[in-house]
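Derivation of every value follows stated rules applied to the coordinates shown; laboratory data play no part. Predicted model only: the values in this text are computed from it and were never measured. Note that we place each Cβ from the backbone using ideal geometry, even for glycine, and neighbour counts take in every protein chain shown.
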Amino acid sequence: MRPCFGYSASDNRDRVDAIHSHPWFVESTDTAMARMRVIQSFWGLRAIAAAGVGLTLVLAGCGGGSGSSGTTAAAGALLASPAAFAAFGNTANTVSITGGTGPFTVRSSDTSLIPVVQQVTGAAFTFVPKNINTAAPVTLTVTDSAGATSAVVVTVTPATIPAGLITVTPASGSLCAGEGNPAVAVATLCSSENGTASVTVKDANGVVIPNRPVRFEALTFGATFAATATSNVFSRIATVNTDANGVATVALRTDVEVTSEAAFLRATDTVSTHRVDSWINVLKHSDNLTALSIIPTTTGFVGHYTSECPWVKRDYGIQGGKPPYAVTLAAGSTLVLGDGTTTVAPGAGVTFAMAGGRFTVESDATTACATSSNTITVTDSVGATITASYTIAPGSNSRASGVTDLAISPTQLSMAADPVSAYCTSGSTRLVITGGTAPYIAAASIPQIATAVSAATTINVSFVSDGKWKLLKGQSASILVLDSVGKVAVATLSCT
């Protein structure tokens, strides 16, 4: 199920320039069409600021959408957008309203497929189509208080992979099985290891669909597919038909030369175009041992203002080697380590009893920030070591003085992605609200990014890159704040 605004893990592909740049990635026709389905609706919040109503409905109810930049909604003709898109059954979607004169009403041309609330509070409404067996168009007509109308054509599309994920089964007796963190991936495999990946395809009545072509894709390095385990060629894309039980199964083989990483997999019902995404851990393995690895090898952040850095916390994972593990910082470091539950004194180390553990690294907010690269060392019980870095860089923009308008500081913050797996591990930061009129409410344009206002003027921002969703390289999210008199300020959080 996709969260509000039609955004889910499946929509990560629309935001990852790094993945699309790989020479083996060729965007298929239905993937290109799918790009058109991402609902650019979060910017309806700006219209809410103008109307001054409906804030709680939109901010608390969703918070999702595309992380793309938007423009301020100008007053004028009524416009419901997007004007046309496809929506999978049993999946929440949001339409934004700009212009016109509130309050608004919305009417569905087929209430059996898309039941909608007639009265719209604010400048957006959410709907969940009924799942169907054959794609069908439904027109949603928005009317304002002056009688102006704007139509949205929704093509209700069958959702045919109800489980919402790919089932991955490693080879029997895998030495890497169970080492991964289940919150991060659906399965863990060793490098150069065989397994299977499968999905079950059903219609809207829950009846399995046999002989349906399903395409499996590896959208990052780390895994390949073939129709059977005895196939001569394994590739990043393989298509197989479902069996009599509606199950499509492909042979999966992890890459031989691989740094321990997360591999991003997708399965698409080629008829309905419904697709699901999952991640697997792939661990470097040789001589019957899983090599000690740390993910990511490099992370950190880039601020926006000269000499200023906000508080940021990033996530690292330990795999392979022989537990327990000791995590230490270079002498003189002021970074703060944590085990996910508690933190230690600045510069002190932490220990982990088993593989699959995850630790955090925090850097404090400062107005005297300089570029630095901090080394983190992990040592296992037999003395093997692996290092990672945490790089801090201030921005190059001068802060304006005497500003009283509502603003978020910094206006841009870039998190560093893992260079191998091309995603940002889980992280948190704090942004500061300046100017405007309290109280404030904050939201993010991606529903998996949580925001909360604390201490009156601090926005706590956090995200979890897990088995269902990851903040991928090239993806950005907008962090918005609305004050009590309807002013809106925007900051950008990016994975770079």
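The figures follow:
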item: Mean Cβ neighbour count within 10 Å, used as a protection proxy, ranking 477-483, 318-324, 332-338 highest first; result: 477-483, 318-324, 332-338
item: Label point at Thr341 placed 7 Å out along Cα→Cβ; residues across the range 361-378 whose backbone nitrogen lies under 20 Å; result: 361-362
item: Using a Förster distance of 22 Å, the FRET efficiency for Lys322-Ser373 (Cβ separation, nearest 0.05); result: 0.20
item: Taking N as its residue count, the alpha carbon Rg of the range 293-495 over 2.2 N^0.38 Å; result: 1.07
item: FRET efficiency, 1/(1 + (r/R0)^6) with R0 45 Å, evaluated for Ser396 and Ala151 via beta carbons; result: 0.45
item: Pairs beyond 27 Å (Cα-Cα), from Lys202/Lys468; Lys313/Lys468; Lys322/Lys473; result: Lys322/Lys473
item: Cα centroid separation - the range 365-389 against the range 134-176, whole Å; result: 43 Å
item: Integer Hz, Karplus 6.51/-1.76/1.60 couplings in order for the range 418-425, x for Gly and Pro; result: 4, x, 8, 8, 6, 8, 9, 5
item: Rough spin-label spacing in nm, given labels placed 7 Å along Cα→Cβ, for Asp466 and Ala330; result: 3.4 nm
item: Pairwise FRET efficiency - Ser389 versus Asn90, Cβ, R0 = 41 Å, nearest 0.05; result: 0.40
item: Peptide ranges 357-369, 376-388, 149-161 listed from the most packed, as the mean C-beta count within 10 angstrom indicates; result: 149-161, 357-369, 376-388
item: Thr139-Trp311 pseudo-label distance in nm [points 7 Å out on the Cα-to-Cβ vector]; result: 5.4 nm
